[in-house]
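Below is one structure, written out as structure tokens; the observations come after it.
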Amino acid sequence: MVAPGRGGVNESKLTAMTIPGADQAVVDATKLRDYLLSTEHPVGRFKAAFFARLGYSRQNWRALQAKLERLAMADDAMPGALSEYGQKFEVRATLEGPSGRQATIVVVWVVLSGEGFPRLVTAFPGDSR
């Protein structure tokens, strides 16, 4: 079966793995503060509302950064689309926020061509698959 959103990857042949260089994952502060946690960003504001329910805000972005860095080291990352820019990976996990609330989250990472570590692409609410 070819899954939509995986760039034509045959999902039945995918196996979970640890992202290469996960211990060096890069979670850019600007991406967190000015996108994922921004209530003003045209796209990010919807994600900011999700993260706010968990207790995250622009003021405590470092707490979210630390959680995302830990999630990069999960051993259940699924390879996603491979492009000329690099290899994407998805990690689906339960995230507990400062409020004590929990939610399923999908975190997308990319290991750029020529690099040996992942960079955060985005994070968003996951469904309950």
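The values are calculated or read from the model by the stated rules, or taken from the named source; none is laboratory data. A quick note: this is a predicted structure, and the numbers were derived from the prediction, not measured. Note that each Cβ is placed from the backbone with ideal geometry, even for glycine, and that neighbours are counted across all protein chains shown.
Show the residue pairs meeting these rules: Cβ distance below 8 Å; 6+ apart or different chains; first residue within the stretch 110-129 and in contact (Cβ under 8 Å) with a residue 12 or more places away in the chain and buried (at least 18 other Cβ atoms within 10 Å of the Cβ); second residue of a type in the set (Gly, Ala, Ser) and assigned to a strand (DSSP E or B).
Listed pairs, sorted by first residue: VAL110/GLY86; VAL111/GLY86.
What single numbered condition from (1) exposed (fewer than 15 other Cβ atoms within 10 Å of the Cβ); (2) part of a loop (DSSP other than H, G, I, E, B) fails to hold for THR94?
(2)
Is it the case, given these coordinates, that ASP34 is of a type in the set (Asp, Glu), more than 22 Å from PRO20 (Cα to Cα) and surrounded by 15 or more Cβ atoms within 10 Å (Cβ to Cβ)?
Here the answer is yes, as ASP34 does meet what is asked.
Could you run through the stretch 22-79 and say how many residues are among the small types (Gly, Ala, Ser), closer than 14 Å to ARG119 by Cα and touching a residue at least 24 places away in the same chain (Cβ under 8 Å)?
5
Yes/no per residue for (1) assigned to a strand (DSSP E or B); (2) surrounded by fewer than 14 Cβ atoms within 10 Å (Cβ to Cβ); (3) acidic (Asp, Glu):
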{"site": "LEU68", "(1), (2), (3)": "no, no, no"}
{"site": "PRO79", "(1), (2), (3)": "yes, no, no"}
{"site": "GLN87", "(1), (2), (3)": "yes, no, no"}
{"site": "GLU90", "(1), (2), (3)": "yes, no, yes"}
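Can you say whether GLY55 is at pLDDT 95 or above, more than 16 Å from VAL107 (Cβ to Cβ) and small (Gly, Ala, Ser), as far as the supplied structure shows?
Yes: the conditions hold for GLY55.
Would you point out which residue out of THR122, THR94 is among the hydroxyl-bearing types (Ser, Thr, Tyr) and in contact with a helix residue (DSSP H, G or I) (Cβ under 8 Å, 6 or more places away or on another chain)?
THR122
Report whether or not SER128 is in a loop (DSSP other than H, G, I, E, B), at pLDDT below 95, hydroxyl-bearing (Ser, Thr, Tyr) and over 9 Å from the mean Cα position of the chain (by Cα). Let's see the steps before the verdict.
On the way: in a loop (DSSP other than H, G, I, E, B): yes; at pLDDT below 95: yes; hydroxyl-bearing (Ser, Thr, Tyr): yes; over 9 Å from the mean Cα position of the chain (by Cα): yes.
Yes: the conditions hold for SER128.
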